[in-house]
Amino acid sequence: MPLILVAGITLLASILLPFAVKPWLVRMGVVDVPSARSSHSRTTIRGMGVAVSLATAIGYAAAILLGAVTVDRSVFLVVFAVIGASAAVGWIEDLRGLSIRGRAAAQLGIGTAGSAALLVLTGQSFWWLPLAAVAIAAYINIANFMDGINGISSFHGILTGGAYAAAGVLAGQPWLTAGGAVLAMAFLGFLPWNLSRGSVFLGDVGSYLLGASAAALAVAGFLSGVYVEYLLTPLLVYLADTGYTLLRRIKSGERWYASHREHIYQRLTDVGFSHLQAAATVSACTAAVIVLGFIAATAPLPVVVLCAAGSLAVLALYLASPDLIGRFRRRQKVTRVPAS
């Protein structure tokens, strides 16, 4: 019952807060100017991730006050501290911008401090510190890179949060269940705004919040002994898209760190997909690998092998999808040309 209340409170807050936050952002003049990596063509209000951040804070507070998290509260609060600090850095980026070095230093600092605290609380070896810190900092950036079309971030938050909530139940980790539920509900409430035709954007505050939420919950879950299949699979499509795009740019001799719009989901829009269709494709692939990962976590070895092969096939199909769809549509155009 407490968890249901927490989910309901978070969802209600996420639905209502944008109505208060949007006029405030307008008065502050927080707008997004299209850049080389944008999939939008007009100046738009950004920073609506503030509403999602406030809903997340309300959800975490409700989870503590209503008793949804009665053990490992310290772990839960450290996760929230990582999320809050990351959202704050994103808000600064939205307001006045940060240098690449300053942004990277802040993200890595948050990842290091949060990971160190989690290592102390879980009693794990500090040999994990560099990997955990880099994982948090890297996924904050990955979520930011992938926040380029309407709906994609909300769908990712809903799926990842839902998966982590289920993982918490299966692993007996109430704090993970609560954190996942808050993440899912915070982005479910924002979904109608995120699907709108470019009226508002999450901004860096929202994408940093999303990346930090997913990464901090995953790192804390891993250090607490939760099956890695539960934790990694919700992130695989984002990781594959970003990693593959980075390798393609390096191989072609481009400046890999420069702004661009060459991610798979962006290339899907280039071959004719709408924002919703591209976001749905990412989400469908994510849902597929989540299901396969959850099955593999406790299955016998032959089933694990089949699930791993299935996941690789889903990822390979996703990475090849823009080329496959582009070829299919070109062939359709050729067949439609009347013979002279």
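Element breakdown for the chain at a 1.4 angstrom probe: carbon and sulfur atoms account for 69% of the accessible area.
Spacing of the modelled spin labels on Ala309 and Leu239, each 7 Å from Cα toward Cβ, amounts to 2.2 nm.
Could you calculate the FRET efficiency of Arg248 with Leu5 from 1/(1 + (r/R0)^6), where r is the beta carbon distance between them and R0 is 51 Å, rounded to 0.05?
Numbers: r = 46 Å, r/R0 = 0.91.
Efficiency at R0 = 51 Å is approximately 0.65.
The value of relative contact order for the range 213-283, using C-alpha pairs under 8 Å at least six residues apart, is 20 percent.
Quick check: residue separation of Leu66 and Ser99 times 0.36 nm, minus the Cα distance between them. What number comes out in nm? List each step's numbers first, then the result.
Values: separation 33, 0.36 × 33 = 11.88 nm, distance 4.08 nm.
So the extension gain works out to 7.8 nm.
In terms of its alpha-carbon gyration tensor, the range 45-147 comes out oblate; a/c meets the 1.5 threshold, while b/c is at least as large as a/b.
Quick check: residue separation of Thr335 and Phe19 times 0.36 nm, minus the Cα distance between them. What number comes out in nm? Don't jump to the answer; show the numbers that get you there.
Numbers: separation 316, 0.36 × 316 = 113.76 nm, distance 4.93 nm.
Contour length minus Cα-Cα distance gives 108.8 nm.
Please give the contour-minus-distance gain from Leu232 to Ser125: 0.36 nm per residue of separation, less the Cα-Cα distance, rounded to one decimal in nm. Mind showing how you got there, number by number?
Working: separation 107, 0.36 × 107 = 38.52 nm, distance 2.04 nm.
Extra length from Leu232 to Ser125 when fully extended: 36.5 nm.
When a/c is below 1.5 the answer is rounded, else prolate if a/b is larger than b/c, else oblate, so apply that to the range 116-257 with a ≥ b ≥ c taken from the square roots of the Cα gyration tensor eigenvalues. Walk me through the intermediate numbers first.
Numbers: a/c = 2.13, a/b = 1.20, b/c = 1.78.
Taking the square roots of the gyration eigenvalues as a ≥ b ≥ c, the range 116-257 is oblate.
Given a Förster radius of 41 Å and the C-beta distance between Ala284 and Ala88 as r, what FRET efficiency does 1/(1 + (r/R0)^6) yield to the nearest 0.05? Each step should come with its number before you reach the end.
Details: r = 33 Å, r/R0 = 0.81.
It comes to 0.80.
If exposed trypsin sites (Lys or Arg not before Pro) are those in a DSSP loop with at most 15 other Cβ within 10 Å, what is the longest stretch of the chain that has none? Here the longest segment lacking exposed loop sites spans 43-196.
Surface exposure of the chain, expressed per residue as accessible area with a 1.4 Å probe, stands at 45 Å². Residues in the range 244-253 carry Karplus couplings, in order, of 5, 5, 4, 5, 4, 5, 5, 4, 7, x Hz; the curve used is 6.51 cos²θ - 1.76 cosθ + 1.60 with θ = phi - 60°, and Gly or Pro positions show x.
For Ile110, the accessible area of its heavy atoms, probed at 1.4 Å with every protein chain present, is near 30 square angstrom. With Cα atoms defining each centre, the range 103-160 and the range 194-256 are spaced 9 Å apart in the structure.
The values are calculated or read from the model by the stated rules, or taken from the named source; none is laboratory data. Here the structure is a predicted model, which means the values were calculated and not measured. Cβ: placed from backbone, ideal geometry, glycine included. Neighbour counts: every protein chain shown. Keep in mind that these areas ignore ligands, DNA and RNA; they rest on the heavy atoms of the full protein, side chains included. Shrake-Rupley method; radii C 1.70, N 1.55, O 1.52, S 1.80 Å.
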